[in-house]
Amino acid sequence: MLLAAAAVSCNGDAPSVLDPQGESAQRIDGLWWLMLWISLAVLAVVAGLMAVAFLRGRREGLEVDASSSRWGEPFVVVAGVIVPVVILTGVFVVSVRDLNAITREGDDAELTIEVVGHMWWWEARYPGGAVTANEIHIPTGQTVRFEVTTVDVIHSFWVPQLAPKIDMVPGRTNVVDVRTGTPGTYRGQCAEYCGLQHANMALFVVAEPPGEFERWLENETAPAASPADQAGLDAFLRSSCVGCHTVRGTDASGTLGPDLTHVASRETLGAGTIENTRENLADWIANPQTVKPGAVMPPTEISAEELDLIVEYLQGLT
């Protein structure tokens, strides 16, 4: 366990519960270390007693009194009953304290974001109408409440460096609160097996200063900018893309797939599966099954010319 924890915490590309950057995550980190040190102390005591027993057993001519009192040796009562009860009670009290603090953290949340799990991507809805996918921006220094649910199977929302995991259950809305003072991009993951592409259901929470966040949110709330070349928009509207995707400010209003109004501003495609580059975007549109087998998005049957026009148009949606 220690080797695995050390490996994770030393890998700068992987999120680690041992590198907390949110207040809720810091409480979980403290509880983790408390339980670790208690476990190591118990292990040391048990190993020491086993060593003593082994050494005593090798001594020749040692007479052992096999008689015992009705209630057992006092040492057994103290070490086997009283001490474990005290330790477990203490850990329970600390756990309840931290749990209450975590659940109360968002009672005065300054921002509420709806997060919806899909197979296999994330949708985030902001007050004012902004909708994004797989990349969720939050302001630093403010408590943000995530209201999470799912439209298909059970998922689990987990950003290890910021907050505890929370299940996303169909027909139910759960909440998890996040507050961090450290700007940065924090990787999250679905933590409940949800099908073939469960491993490729990542998300990124971008924490940024309030001023930068407000500018980002203002841009995301706005409809898509008019294209420099109308041919790209016309090709997009003629394609099957409009049946699943929305581009606010156009006739595209599909709801099965991610909102593409500002898709060019995102770092990845397919919920963290590939980088958002021109070449990857073209491959994703033409045949997403080669990139993410089992994805709900079907291949798009269009000519190479129209594909180029659509890619050019989507890359302008910043």
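Is there any pair linking a residue in the stretch 183-194 that is touching a residue at least 60 places away in the same chain (Cβ under 8 Å) and over 15 Å from PRO170 (Cβ atoms) to one that is open to solvent by less than 40 Å² (accessible area, probe 1.4 Å) and not hydrophobic (A, V, I, L, M, F, W, C), with Cβ under 6 Å and at least six apart or on different chains, and which?
TYR186/GLN161; ARG187/PRO15
Filter the stretch 230-252 down to the residues that are open to solvent by 50 Å² or more (accessible area, probe 1.4 Å) and touching a helix residue (DSSP H, G or I) at 6+ places or on another chain (Cβ under 7 Å) and list them by number.
Result: ASP251, single match.
State the number of residues belonging to the stretch 303-318 that are in contact with a Leu (Cβ under 9 Å, 6 or more places away or on another chain) and either among the small types (Gly, Ala, Ser) or assigned to a loop (DSSP other than H, G, I, E, B) (or both).
Qualifying residue count for the region: 2.
Look at the stretch 287-299 and say how many of its residues are at negative phi and surrounded by fewer than 17 Cβ atoms within 10 Å (Cβ to Cβ).
Residues flagged as at negative phi and surrounded by fewer than 17 Cβ atoms within 10 Å (Cβ to Cβ) within the stretch 287-299 amount to 7.
Among (1) touching a Ser or Thr at 6+ places or on another chain (Cβ under 8 Å); (2) of a type outside the set (Gly, Ala, Ser); (3) closer than 28 Å to THR150 by Cβ; (4) open to solvent by less than 50 Å² (accessible area, probe 1.4 Å), there is one condition THR255 misses while meeting the rest; what is its number?
The failed condition is (4).
For the structure I just gave you, tell me whether SER95 is modelled with pLDDT of 80 or more, open to solvent by less than 80 Å² (accessible area, probe 1.4 Å) and in contact with a Cys (Cβ under 9 Å, 6 or more places away or on another chain).
In short, no.
Looking only at strands (runs of 3 or more DSSP E) that fall completely inside the stretch 93-164, which ones have 3 or more residues that are closer than 21 Å to PRO15 by Cα and of a type outside the set (D, E, K, R)?
Once the strands (runs of 3 or more DSSP E) in the stretch 93-164 are filtered for at least 3 residues that are closer than 21 Å to PRO15 by Cα and of a type outside the set (D, E, K, R), what remains is 121-125, 135-139, 144-150, 155-158.
Could you tell me how many of the residues in the stretch 249-297 are free of Cβ contacts under 8 Å to residues at least 24 places away in the same chain, in a loop (DSSP other than H, G, I, E, B) and in contact with a Leu (Cβ under 9 Å, 6 or more places away or on another chain)? Break it down stepwise before answering.
Here is the first cut: in the stretch 249-297, the ones free of Cβ contacts under 8 Å to residues at least 24 places away in the same chain are 251-255, 269, 274-277, 279-280, 283-284, 286-291.
Next cut, in a loop (DSSP other than H, G, I, E, B) only: 251-252, 254-255, 276-277, 287, 291.
Subsequent filtering for residues that are in contact with a Leu (Cβ under 9 Å, 6 or more places away or on another chain) retains 251-252, 276-277, 291.
The total comes to 5.
The values are calculated or read from the model by the stated rules, or taken from the named source; none is laboratory data. Small disclaimer: the values here were computed from a predicted structure and weren't measured. Glycine gets a Cβ as well: all are built from the backbone with ideal geometry, and neighbour counts include every protein chain shown. Side chains included, ligands, DNA and RNA excluded: accessible areas come from the protein's heavy atoms. Shrake-Rupley method; radii C 1.70, N 1.55, O 1.52, S 1.80 Å.
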